Ligand code: PBG
């Protein structure tokens with residue numbers, strides 16, 4: 001009771017504030033998304049993601065070494081696939097010498113202890129820009145799941161530590177778990193994008209990989225038939241619990257900031273680590289506002305990352321990872 005309790009005592013100066021601070025950000029919190037392209041000597045800035053780049057394999061080596069020196073020990077790989085290799089079934093995804101498979105080996109080669117996670121979904125490989133196979137204008141579930149399981153196996157064979165299915169097909173976690181077990185990859189983990197919403201915040205990412213749903217007659221222009229309706233909360237719990245039952249080691253909520261209510265709810269509900277993906281549109285918004293001088297970039301970045309962790313994130317996938325670590329450590 002006031003004045004016995006004056007809450008401001010604990011806010012008097014930075015020393016006392018830091019002593020009682022509840023949420024501390026560390027390099028260990030981060031999973032760093034990396035975009036990989038074919039070629040040599042390429043470090044290409046993504047126009048809608050200022051200061052974020054696509055790397056060819058040779059320059060990916062430098063980037064990975066730098067991340068390791070900064071204390072960033074986990075990466076999440078995405079590949080930009082040349083148009084001539086795209087088809088409806090994502091055939092190239094299974095190429096043992098494909099860009100993803102070579103990227104995994106490249107990272108493991110320069111930095112054996114770097115934890116390598118890989119995106120598993122058909123969209124970068126699909127001529128229609130969808131996460132699954134299309135038949136009669138629909139994204140067909142079970143045939144897609146078969147490909148995703150093979151794709152996961154191929155990533156494991158190339159040396160991935162974790163596969164990260166981001167496609168939102170039903171039943172894919174079980175199919176992937178069984179495929180990995182059957183082939184002896186008992187220690188290869190699964191980080192499931194379990195509560196992934198059909199969000200307009202993925203725009204810049206689709207620019208980065210040239211993977212937006214194609215504007216083709218009779219093909220859906222959005223991903224609403226597989227990614228979740230952003231109006232829903234109970235559904236996120238259901239999706240997450242099912243993925244855990246099917247064998248997910250880590251679950252994820254995506255996007256981040258607009259979905260922190262879901263993060264907290266899932267964190268309270270489950271007993272596996274919860275990852276949050278602060279997505280490309282969230283990154284782009286802050287970069288744009290900072291460029292205009294309307295927001296203090298570093299202050300807002302730290303506030304956002306701290307809010308994500310405070311909400312319950314055990315793992316944060318973020319394009320700001322390097323910026324945060326350089327600022328704080
Ligand atoms: C692909 C995938 C997407 C993202 C991660 N994996 C795009 C999508 O679902 O359309 C988005 C990441 C971001 O926006 O940063 N399935």
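All of the numbers you see were taken from the coordinates with simple rules; none came from a lab. Model, not experiment: these values are computed from the prediction. Cβ placement follows ideal geometry from the backbone for every residue including glycine, while neighbour counts extend to all protein chains displayed.
State, as an integer percentage, the relative contact order of the chain based on alpha-carbon contacts under 8 Å between residues 6 or more apart.
Normalised by residue count, the contact order of the chain is 17 percent.
For the pair residue 210/residue 43, report the inter-label distance in nm, with labels modelled 7 Å from Cα in the Cβ direction.
Simple spin-label model gives 2.2 nm for this pair.
Helix 280-291 versus the longest principal axis of the chain: what angle, 0 to 90°, nearest 10, using Cα atoms?
For 280-291 against the chain, the angle is about 50 degrees.
What angle, in degrees between 0 and 90 and rounded to the nearest 10, separates the Cα long axis of helix 260-269 from the longest principal axis of the Cα atoms of the chain?
90
Among 68, 294, rank each residue by its count of other Cβ atoms within 10 Å, from fewest to most, as a rough exposure measure.
294, 68
Assuming R0 = 22 Å, what is the FRET efficiency of residue 88 and residue 245, from their Cβ-Cβ distance, to the nearest 0.05?
0.10
On C-alpha positions alone, give me the angle between the axis of helix 99-110 and the longest principal axis of the chain, in degrees, nearest 10.
50
For residue 307 and residue 142 in one chain, what is 0.36 nm times their gap in residues minus the Cα-Cα distance, to one decimal in nm?
Going from the current span to full extension adds 55.7 nm.
Using a ≥ b ≥ c from the Cα gyration tensor of the range 246-329 (square roots of the eigenvalues), is it rounded, prolate or oblate, where a/c under 1.5 gives rounded and otherwise the larger of a/b and b/c decides, a/b for prolate?
Prolate.
Find, to one decimal place in angstroms, the Kirkwood hydrodynamic radius of the chain, where the mean of 1/r is taken over every pair of different Cα atoms and then inverted.
Result for the chain, one decimal place: 20.5 Å.
For the range 1-92, restrict the atom set to alpha-carbon positions and state the Rg and Dmax in Å.
22.3, 72
Which value results when the Cα radius of gyration for the range 121-252 is divided by 2.2 N^0.38 Å?
Rounded to two decimals, the normalised Rg is 1.04.
What distance in nm separates the two pseudo spin-label positions at residue 14 and residue 230, each 7 Å out from Cα along the beta-carbon direction?
In this crude label model, residue 14 to residue 230 measures out at 3.6 nm.
Would you order 260, 77 from fewest to most other beta-carbon atoms within 10 Å of each residue's own beta-carbon? Numbers along the way, then the final one.
Details: 260 19, 77 23.
Sorted ascending by nearby Cβ count, the order is 260, 77.
Hey, what does the equivalent ellipsoid look like for the range 180-282, semi-axes from the Cα gyration tensor as sqrt of 5 times each eigenvalue, largest first, whole Å?
Working from the Cα gyration tensor, I get semi-axes of 25, 19, 13 Å.
Taking just the C-alpha trace of the range 256-302, give me its Rg and Dmax in Å.
When restricted to the Cα atoms of the range 256-302, Rg and Dmax are 13.8, 42 Å.
For 105, 223, 196, what ranking results if the residue with the fewest other Cβ atoms within 10 Å of its Cβ goes first?
Details: 105 16, 223 22, 196 27.
Going from least to most buried by this count: 105, 223, 196.
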